[in-house]
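FYI, it's all coordinate maths here, none of it is from the lab. Worth saying up front: this structure is predicted, and the values here are computed from it rather than measured. All Cβ positions, glycine included, derive from the backbone under ideal geometry; neighbour counts span all protein chains shown.
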Amino acid sequence: MKKLLSLFSTLLIGFTAITHADPSDNPLPKLHVINNQFVDGQGRTVILHGLNEMNKQPPYTPSAIGFDERNIQFIADHGFNVVRLGVFWAGIQPTPGSYDTAYLNNIKQTITLLAKHNIYTFVDFHQDSYSTLHNGAGEPEWAALGVGPFTNFGFPANNFGGMKEKGQTVGPQVDEDYDYFWQNKSGNLGIGVQTLYTTMLSYTASYLKGTPGIIGYELMNEPFPGSDWRACFPKLNVRAGCYTFEKQELVPFTKRAIQAIRAADPDATIFYEPVVFTVMGAPTFIGDLHSQNLVFSFHNYDTLNKNLPFKDKYDMELPFKNAQNQLLINHAAPLMSEFDAQTPTPKELATLLDLADHYQTSWTDWAYTNNPGYTFTKTAVAPSDPRVQGLVLDATKPLINTNVNWTRLAELTRPYPQAIAGKLLSYSYDTQNNTFTLLYAAKTITGKKISESSVTTIYVPQLNYPNGYQVKINGATVTSAKNSSQLTVKNNSDSLLVKIVVTTT
């Protein structure tokens, strides 16, 4: 540990040597999904490694909790190239019928700052336990139609109406909020609450359309089935999934939400999530969405199973296998958009990252900072201080010493191919031997010849190679400076296959 901290101190001094392209000279290319992969305008396959960032308390802007250019530079310096940026319906539309353009403009400014540092953004319409009215966040209180007295058992126990908790029964209020939403009930609003939500999606997409660096929109964080939750847990079998809910309610909503966003921005990439219980390996029953340019955004907290009363042994690979089905059904790119929040062991975290490499899955770790205004259910897996779920405790303070979880940052730091001038075949990082291997075909993912000017870029962290690295390469030529953190190569004109191996000097 002392060696690790000492190494970080050295790297902080030496980070000025890390170069980042000037966006005015090299604007961030737009991304789309083609044949299950992120692809840029040059036909290069793109892999994304990044972080979640959002402010879960009013005014719901990341800038209000100190997320500024200094923090963005810190993220870029550590090799991350994407942020899942949370926005909240409560911030976008605080009162019925009116939108807060100042809020959206602030979000737009953050996205633009991220792009300035070559970091992509996808916008996540976030919610937890629906709204602040019942110890959650996300949807405005005026759109929360649950009724009756409320006893706060904490998040996420409040979602499970009828469950026994501390000798009392959890009330149905949060479930009612979700039920009204999925059934598109209007309550006293005059318009169905889901209709109002999809209208808000369209307005937001229209406002943010064309912002540099924006990839697209995630329709809803962790959709919860409301009072149907019991049908998803027969005899505490977490692997059952929610067939009826997904088929009858989630899929129709997803299609309507896609249509709403595409009406405002036809070019937007859509990130869609399955029912929340897939975070622990439950299958998803989402069928053909009859759309293109899709990302299957899934969460992986299956390590929780060892601490919770489920009969199934935890298996961190199950969420990846479930994602593979969506590759076949919807040609969706897989993206593990949340993991790591429940402090897995270093071995478990390494396993998750190895699996992501194996399944060619981009990811965004939870989180850069974390500040829920609501309380957690007191369990063996919930932290007493939710701020520890973030890499940084306080974004307003200097990014030094104990304000940064250096150990966890080191565990997330690994070499990976950020852009590949061809069709990706495989990549892996052997932590034991500190060896990175990349194999790709020198043609686009659709089989066309790729431009000879296209460059493959591999992030090679100085943290992992403090004494430098060496490259063994077939079919291409290194074009970057020795030991650069951005290893760049160009394909040889006659190459069909390129193999790159990076090892310690």
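Here r is the Cβ-Cβ distance between Glu317 and Asn188 and R0 is 45 Å; the resulting FRET efficiency, rounded to 0.05, is 0.45. Approximating the spin labels as points 7 Å out from Cα along Cα→Cβ, the Lys166-to-Tyr359 distance works out to 3.6 nm. Here the dipole of the chain is about 1000 debye; that uses its Cα centre as origin and unit charges on the Cβ of Lys and Arg (positive) and Asp and Glu (negative).
Just to confirm the filter: which trypsin sites (Lys or Arg not before Pro) across region 263-365 are DSSP coil and have at most 10 other Cβ within 10 angstrom of their Cβ? When the trypsin sites (Lys or Arg not before Pro) of region 263-365 are filtered for loop state and at most 10 Cβ neighbours within 10 Å, Lys311, Lys313 remain. Think of region 47-413 as having a plus end and a minus end, set by charges on the Cβ of Lys, Arg, Asp and Glu; of Ser202, Met163, Trp142, Met163 sits farthest toward the positive end of this dipole.
Quick one: in region 423-504, what % of C-alpha pairs are over 21 Å apart? Of all Cα-Cα pairs in region 423-504, 27 percent lie more than 21 Å apart.
Pairs from the list Lys235/Lys347; Lys255/Lys397; Lys56/Lys499; Lys166/Lys321; Lys209/Lys347; Lys347/Lys448 with a Cα-Cα gap above 32 Å: Lys255/Lys397; Lys56/Lys499; Lys166/Lys321; Lys209/Lys347; Lys347/Lys448. Across the options Leu113, Ser63, Tyr180, the greatest Cα extent toward the positive end of the charge dipole of the chain (unit charges at beta carbon of Lys, Arg, Asp, Glu) belongs to Leu113. Net length available on complete extension from Leu425 to Lys482 is 17.9 nm, with 0.36 nm assigned per residue and the Cα-Cα distance removed.
Summing charges over neighbours of Gly66, with a neighbour being any other residue whose Cβ is under 12 Å away from its Cβ, gives -2 when K and R count +1 and D and E count -1. Among 125-133, 68-76, 452-460, 279-287, sorting by the average number of other beta carbon atoms lying within 10 angstrom of each residue, highest first, gives 125-133, 279-287, 452-460, 68-76. Distance from the C-alpha centroid of region 81-102 to that of region 339-358: 31 Å, rounded to the whole angstrom.
Note on region 160-174 and region 369-413: Cα centroid distance 29 Å, given to the nearest whole angstrom. Ordering Ser426, Asn300, Thr151 by the projection of their Cα atoms onto the charge dipole of the chain, which places +1 on the Cβ of Lys and Arg and -1 on the Cβ of Asp and Glu, puts Ser426 at the extreme positive end. With contributions of -39500 (n - 2.57) from each DSSP H run of at least four residues, the per-residue ellipticity at 222 nm computed over the chain stands at -7000 deg cm²/dmol. Applying 0.36 nm per residue to the separation of Glu452 and Thr379 and subtracting their alpha-carbon distance, the gain on full extension is 20.7 nm. For the pair Arg70 and Asn152, a Förster radius of 25 Å applied to the C-beta separation gives a FRET efficiency near 0.10, rounded to the nearest 0.05. The trypsin sites (Lys or Arg not before Pro) of region 144-246 that DSSP puts in a loop, and whose beta carbon has at most 11 other beta carbons within 10 Å, are Lys166. Scoring 352-361, 214-223, 417-426, 144-153 by mean Cβ neighbours within 10 Å over their residues and listing the highest first yields 214-223, 417-426, 352-361, 144-153.
In loop segments of region 458-505 as defined by DSSP, the trypsin sites (Lys or Arg not before Pro) with at most 11 further C-beta atoms inside 10 Å of their C-beta are Lys482. Label zone of Gln259 (point 7 Å out along Cα→Cβ, amide N under 20 Å): in region 200-214 this covers 200-206.
FRET efficiency for the pair Thr407 and Asp40, taken as 1/(1 + (r/R0)^6) with r the Cβ-Cβ distance and R0 = 41 Å, rounds to 0.75. Below 14 angstrom from the Cβ of Ile450, what's the summed charge of the other residues (Lys, Arg +1; Asp, Glu -1)? Charge balance in the 14 Å sphere: +3.
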